[in-house]
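Asker: Take a look at this one; I'll ask things after.
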Amino acid sequence: MKIAFRFGLFFFAVIALALAPRVSADEKKAILQPELKVDRSPVTTGMENRVASYADVVEPAQKAVVSVYSKRLMREQVRLDIFTGRLSGGNREEDGLGSGVIVSPDGYILTNNHVVEGADELKVALSDDREVIAKVIGTDPKTDIAVIKIDARNLPAITLADSDKTRVGDLVFALGNPLGVGQTVTMGIVSAKGRSKLGLLEQVGGYESFIQTDASINMGNSGGALIDAKGRLVGINSAILSPSKGSIGIGFAIPVNLAASIMRSLVETGKVARGFLGVSTDTITPEVAEQLGLSKDTKGVLLSDISPDGPADKAGLKRNDAVLSIDGKPVSSREELRFIIAQSVPGSTVSLAVVRDGKTRTIPVALGKLVENPNELLAGIQAEPLGVEARRRLQVDGRITGLLVTAVAEDSPYRDRLAPDAVIVEIDRQAVTDFSSAKNTLQSGRHLLLVYYRGQISYQLLTVK
């Protein structure tokens, strides 16, 4: 039976082959030989100048890279163990390590905000082994940039490149002091540009547009230099993505163009002024593009709402306008638009390429100034007018009017005087009628506040710093 069965299979296979349509030699050639684009020349001809070392590029940049040491005084509540009689807690010091880049001969240094944040003391170690006390000029948590300064002259300052001109595939070097082993140089390429939606600055509502690199970046490299093949600064090393907290070739640097603009603002005013457009947006998807009568591959941002009397409204922008570019720079996502506008100077005019009713037009817009914390009455104190719902929820007497404290930051200097759900009824014996007048009244000096809290009214003496 087994022999007969196998013979039957063989018989049917032969019949099938015999009945199959025959393919000509030309047809077979066409099927087996798809068109391929082939370049058979060698990568090099042997005539090019081969680079055996980048020491001459790296060495000058190394002199401008410093180590940044921080000390933080951690204050903990003192506790008494009733069984042993021992005290625990109290003050203790916490040491931190990062890197920085000298950008001017008179001692200005770029680094990361998270390197210096909360530090009670900063010390900088120069490439010639000198150690100098540094002071913070300003910080910007939303971009993770900080500017510090040391009292020194004729320092080796690094040259800045135009980070907008870097390209994926460019050779780069990461310089810093990883894990405290000493100044170290690693090499890689620019893996990507404009990286956003990483969540690295999400907690502070930050602005992400990182240069991604596979040059090894580790703890201690933060604030160090990312330089190009000419030794110019293209970015400030900031973060990595890794399940092990060690480098796996996914590192991120803040573009130097952004870092430099933040530095200039911090040096001049101690703050960062950002542009404001006054719109709500959505990224244009292929489906939305089709509904708007655009090609499916259109990249841009759809204006879903316009703030009344805002810069966009005054310029004539309308809901459902599709923004394709700003000052000639393509805009492909809402994050990109937010970043470009925030990086622009308040009061400056930008040109938006807009598609409306199938027609492309250019609309100039004079940008306003972004207010980062519109409801911040005092440092760390958020407030808003006492509304009907809040009054009902808190069971506030109908005769009470004023500003409701909605949030108090842990580091607010006024947290021992004001608490969430407190209502500020009077300031300096004048009734509180609106937020703006109250904020203008609370200038530096001593103020007497009449506060309603949990059914009780009391006076609070407040010193505004």
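Derivation of every value follows stated rules applied to the coordinates shown; laboratory data play no part. The structure displayed is predicted, hence computed values, not measured ones. Because the Cβ atoms are built from the backbone with ideal geometry, glycine has one as well, and the counts that use them run over all protein chains shown.
Asker: Multiply the residue separation of Arg130 and Ala55 by 0.36 nm, subtract the distance between their alpha-carbon atoms, and state the gained length in nm to one decimal. Show your work: numbers first, answer last.
Answerer: Values: separation 75, 0.36 × 75 = 27.00 nm, distance 2.30 nm.
That pair, Arg130 and Ala55, stretches by 24.7 nm at full extension.
Asker: For Asp144, Asp313, what's the fewest-to-most ordering of other Cβ within 10 Å of each Cβ?
Answerer: Fewest-to-most ranking of Asp144, Asp313: Asp313, Asp144.
Asker: Report the net charge of residues surrounding Asp151, where surrounding means a beta-carbon distance below 12 angstrom and charges are Lys +1, Arg +1, Asp -1, Glu -1. Before the final figure, lay out each step's value.
Answerer: Numbers: positive: Arg130, Lys135, Lys149, Arg153; negative: Asp106.
Net of charged neighbours comes to +3.
Asker: Arrange the following residues from fewest to most other Cβ atoms within 10 Å of their Cβ: Asp140, Asp421, Asp428.
Answerer: Going from sparsest to densest Cβ surroundings: Asp428, Asp421, Asp140.
Asker: So which trypsin sites (Lys or Arg not before Pro) in the range 149-178 end up in coil per DSSP with only 11 or fewer other C-beta atoms within 10 Å?
Answerer: Arg153, Arg167
Asker: Let me ask something additional. Taking the chain as the reference, fit the longest principal axis to its C-alpha atoms, fit the long axis of helix 256-269 to the helix C-alpha atoms, and give the angle between the two in degrees, 0 to 90, nearest 10.
Answerer: Between the helix axis and the principal axis of the chain, the angle is about 10 degrees.
Asker: Now for a separate question. Only counting other Cβ atoms within 10 Å, I'd like Arg338, Arg274, Arg195 sorted with the fewest neighbours first. Write down the numbers at each step before the final one.
Answerer: Working: Arg338 21, Arg274 24, Arg195 17.
Ordered by Cβ neighbours within 10 Å, fewest first: Arg195, Arg338, Arg274.
Asker: Now for a separate question. Full-extension gain between Ile189 and Val204, please, as 0.36 nm times their residue separation minus the C-alpha to C-alpha distance.
Answerer: The span from Ile189 to Val204 would gain 2.5 nm if fully extended.
Asker: On full extension of the chain, what length is gained from Ala419 through Lys359, given 0.36 nm per residue of separation minus the C-alpha to C-alpha distance?
Answerer: Value of the extension gain: 16.3 nm.
Asker: Ok, one more. Is the shape of the range 248-359 rounded, prolate or oblate, going by the alpha carbon gyration tensor and its root eigenvalues a ≥ b ≥ c, with a/c under 1.5 for rounded and a/b larger than b/c for prolate?
Answerer: Because a/c hits 1.5 or more and a/b fails to exceed b/c, the range 248-359 counts as oblate.
Asker: Follow-up. Counting each DSSP H run of 4 or more residues in the chain as -39500 (n - 2.57), what helix-only mean residue ellipticity at 222 nm follows after dividing by all residues, to the nearest 500 deg cm²/dmol?
Answerer: Working: 10 runs with 87 residues, N = 465.
After summing the helix terms and dividing by residue count, I get -5000 deg cm²/dmol.
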